[in-house]
Structure formats: C-alpha cells, structure tokens
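S.K.: Take this structure first; my questions come after.
No lab work stands behind these numbers, since they all come straight from the coordinates. Here the structure is a predicted model, which means the values were calculated and not measured. Virtual Cβ from ideal backbone geometry, glycine too; neighbours counted across all protein chains shown.
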Amino acid sequence: MGILSFGHWVVVGLVVFLLFGPGRISDIMGDLGVGLRSFRDELTGVGERQEPVAPQGNAVLDAGSAEPGAGQIEPE
C-alpha cells in the first residue's frame, strides 16, 4: 500500500478533476501534445526546413498595371 497504489491515484485524479474541471484538463493535454510533437520534430530535424515567407504589405500586383496610372478609371 505505498504511494503507487491504485486507490491513491484515483483520489489524486478526482482532486485534479475537481480543481481544474474537464475543459481545462483537455486544454492542458492538448498543449502537452503540441509541445511533445514540436520537441520530437526538433530532435529529428524536421523543424529545420525553410518555410515560405508570406509577402508583406500590398505585394499583390495587377499584371496589366505596369505603368503608373494604368488600369485607373478616368472621370468623364
């Protein structure tokens, strides 16, 4: 009947469940899974891949507006 007995772990589990509630426990487990996955990826070198960098600002250009003022509607 030491600290590793089944009855003790049931009581500890109930206390944790009462303190944190079911929603918080699932959030903690999800965060733990994400952390373990990123740790494993760093160990295997998967995290060293270069990810494409998204353009910043207004980098979307219209192919037909190469000249200044091209594509703008002039008032009549």
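S.K.: If R0 is 30 Å, what FRET efficiency do you get for Phe6 and Leu32 from their C-beta distance, rounded to 0.05?
M.R.: 0.80
S.K.: Determine the gain in length on full extension of the stretch Arg24-Arg40; use 0.36 nm per residue of separation and subtract their C-alpha separation, reporting nm with one decimal.
M.R.: 3.3 nm
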